[in-house]
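The values are calculated or read from the model by the stated rules, or taken from the named source; none is laboratory data. Please read these numbers as outputs of a predicted model, since none were measured by experiment. Because the Cβ atoms are built from the backbone with ideal geometry, glycine has one as well, and the counts that use them run over all protein chains shown.
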Amino acid sequence: MDNTGRSLSCDIAIAGSGVAGLCAALQAVLLGKKTILMESLPRFGGSWNGTYGIMGVESPISEKQDIHVDVRALVNQEVRIFHYQVDAKLWMDVADASGENIAWLMEQGVQFEEELEPYTAGEINAPVFHRWKKGSNPSGTMLKEFLRLGGTALSGTRAEELILEDGKVAGLKAVQGEETLTIRCGAVIAAGGGYAKNTEMVAFTTGRTDCACRAIGNNDGSTIRMCMDAGAKSLWQTGALITDLIPAGMKSVHHWLTYIHSRPGTYPFHIYVNQDGERYVNEACARELFGFQTCAAFTQEKTFTIYDEGKLKKLQELNGNDVFTILSQAAQKGSEGVFRADTAEELARKLGLDPVKLAETVRNYNGYCRDGKDTEYEKDPAFLESFETGPFYGWENTFQIASSLSGIDYNRKMEVLGADAGPVPGLYVAGTDGAKLWRDYYSLCIPGSCNANNVYSGRRAAMSAAEYIG
Ligand SMILES: Cc1cc2nc3c(=O)[nH]c(=O)nc-3n(C[C@H](O)[C@H](O)[C@H](O)COP(=O)(O)OP(=O)(O)OC[C@H]3O[C@@H](n4cnc5c(N)ncnc54)[C@H](O)[C@@H]3O)c2cc1C
C-alpha cells in the first residue's frame, strides 16, 4: 500500500466496532485517550444487535434478586470440558469481572431484562444469562456515548496493515472508499470479530465448504492477518466455531432462528442419518453439551434430520413457537430443502438417499423404541419414540456458523503475543479475534460467555493500551 491519502492521529486506534471494539472504544475515551474506532461496513455494531445477551455473575441484577452462583464451579467445569487445553486464569478473569462489566454497561445506558435465564443443558443449571432489553439497541447506545465523549468513529473504513517502527506499533493503514488513510497512534486494538465469513479459513479449520455464516459483521479474518503480518502468533488454525445444525436450504433468517430456538438438540425425538442413510450418533448428545451434535456431524460427509409429523408437532408444542408450521409449509411449497413423504422410502428418494437403507434404519430404530433400548448408540429411552405412521419429514443439514473463536495469541493484559517471544509492543486484541477460552467447539455450558469475554477483553485491552501509552 502506498503512503498517499489522508493522515490522522490518535492515542488508540481500534479496528472493528462489534461488542469488543465498542467496549474498547468507550473504555479508552473514558480513560481520556484520543480514540479512533474503525468499521469496514457502513454500519457500526458488528453482530452485537444479533446477539441475545451476556453472562454475568454477581451483577446488579442478580444481586437484587439474591442470586449467587458458584463461579469457580462454572469455570472448572468449562476448563475440564476442553481437556484443560484452555487457560483457567483467563477464564477466571472473565468470569470474575462479568458482574461488574454488566454494571458498567448499565452505566453506559445499556438496558437488560430483569429476569435471568439459566442454561438448561450440561451439568450446571445456573441463572447467569442476562438478556438485552427487548427492543433496545445496545450497540447504538454505546456508539452514541462514545461520540458524546469525543471519540471518532469511521464507518466504511477497513484496517489493512500495521505500521511498525523499531519493532513497536506506531499506527495503521486503512482504506476508506477509494482513499488510503494513515493513522498514527500509540496503540492498536484488533477487534475484527474473527474469520467466520472467510470461507477459506473456515474450510481449513473444518475441512468443509458447506457452512453458512450468520454473523452480521464482515468477519473476514483481515484483522487476524494484519496482526500475523506484524509478527503475531496465530491460534485460529486450532480454534473453535460457534455452530448449529440447520436445514441446508433454509434461507430465511426468521426460519433459522425459529428452528434453532425450537431446540431440537434438547428434545431429540428425531433421528440423524448420514449420506448412507445410517444413524451415526446418539441424537441426545446435545443435551449433554450443545456443541456435540455439530461435532458428530462434522465426522460425516452429509447429514440429514428425519422427523414424523407427530414429533415435529410435539417440538412446536414444547417450545410454544411455530416450527412445525414453518417446516410443513416449506415442505408443501417444495422450498428450503424440506421434504414431506408418506413413507420412509419415498422420503429417502426425495432426499437423494438409498430408500432400502433408510427404511431399514427406521425399522431398526422402531425396534429399539419398542424394546426401550437403543443397542447402537444408547440414546436416552425418554426420547425413543418410533416412526410408525407418516407423513415423514426430512432435510439435509448444514453448519450455521455464528462466530469463530480463537484468532491470535494474547496474555492476560490482552497484549498480542509474537510468534517468537513476548508481546508485540503496542498491539492488543479483543473479542473473537482473540477468544482462546474455547477449544474444538463452543460448549455453551455458560450461556453468553462469548459476550462476557468480548466485553471483558475490550475493556481490558483499552486499559492496558492506555497504561502502555502513559
Ligand atoms: C446471530 C448471533 C447471535 C449470537 N448470540 C450470542 C449471545 O446471545 N451471547 C453471546 O455471548 N454470544 C453470541 N454470539 C457470539 C458472539 O458474541 C458474537 O459473534 C460477537 O458479536 C463477537 O463480537 P466481536 O466484537 O468480537 O465481533 P463482531 O461483533 O463481529 O464485530 C467485529 C466488527 O469488525 C469489523 N471488521 C472486520 N474486519 C475489519 C477491518 N479489517 N477493519 C475494520 N473493521 C473490521 C466487522 O465488520 C464487524 O463489524 C452470537 C453471534 C451471532 C452471529
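Summary of computed values
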| item | result |
| --- | --- |
| Residues within the range 203-245 that are farther than 24 Å from F44 by Cα and either of a type outside the set (V, I, T) or at pLDDT 95 or above (or both), tallied | 20 |
| Answer residue from the range 288-306, given it is assigned to a strand (DSSP E or B) and touching a helix residue (DSSP H, G or I) at 6+ places or on another chain (Cβ under 8 Å) and is surrounded by the fewest Cβ atoms within 10 Å (Cβ to Cβ) among those | T303 |
| Matching residues in the range 452-467 - criterion: being touching a residue at least 40 places away in the same chain (Cβ under 8 Å) and either more than 19 Å from R72 (Cα to Cα) or in contact with a Gly (Cβ under 6 Å, 6 or more places away or on another chain) (or both) | N454, V455, S457, G458, R459, R460, A461, A462, M463, S464, A465, A466 |
| Restricting the range 428-460 to residues that are more than 8 Å from the ligand (Cβ to nearest atom) and in contact with a Lys or Arg (Cβ under 9 Å, 6 or more places away or on another chain), the residue that is nearest to C23 (Cα to Cα) | R460 |
| Any hit, the range 28-47, residues being within 24 Å of the chain's Cα centre (by Cα) and assigned to a helix (DSSP H, G or I) | no |
| All positions within the range 212-265 that are touching a Pro at 6+ places or on another chain (Cβ under 9 Å) and within 15 Å of the ligand (Cβ to nearest atom) | H255, W256, Y259 |
| For G367: the one exception among (1) of a type outside the set (A, V, I, L, M, F, W, C); (2) in a helix (DSSP H, G or I); (3) in contact (Cβ under 8 Å) with a residue 12 or more places away in the chain; (4) not assigned by TED's automatic domain parsing to the domain that holds Q108 | (3) |
| Among (1) of a type outside the set (D, E, K, R); (2) part of a helix (DSSP H, G or I); (3) in contact with a Lys or Arg (Cβ under 9 Å, 6 or more places away or on another chain) - the single one A103 does not satisfy | (3) |
| Test: residue in the range 190-197 that is closer than 27 Å to T305 by Cβ and of a type in the set (A, V, I, L, M) | yes |
| Residues located in the range 180-211, provided they are of a type outside the set (F, W, Y), within 23 Å of V19 (Cα to Cα) and either within 13 Å of the ligand (Cβ to nearest atom) or not assigned by TED's automatic domain parsing to the domain that holds R158 (or both) | I183, V188, I189, A190, A191, G192, G193, G194, A196, K197, N198, M201 |
| Pairs where the first residue, in the range 33-52, is touching a residue at least 40 places away in the same chain (Cβ under 8 Å) and the second is within 9 Å of the ligand (Cβ to nearest atom) and of a type in the set (D, E, K, R), C-beta under 7 Å, 6+ apart | S40/R158; Y52/R131 |
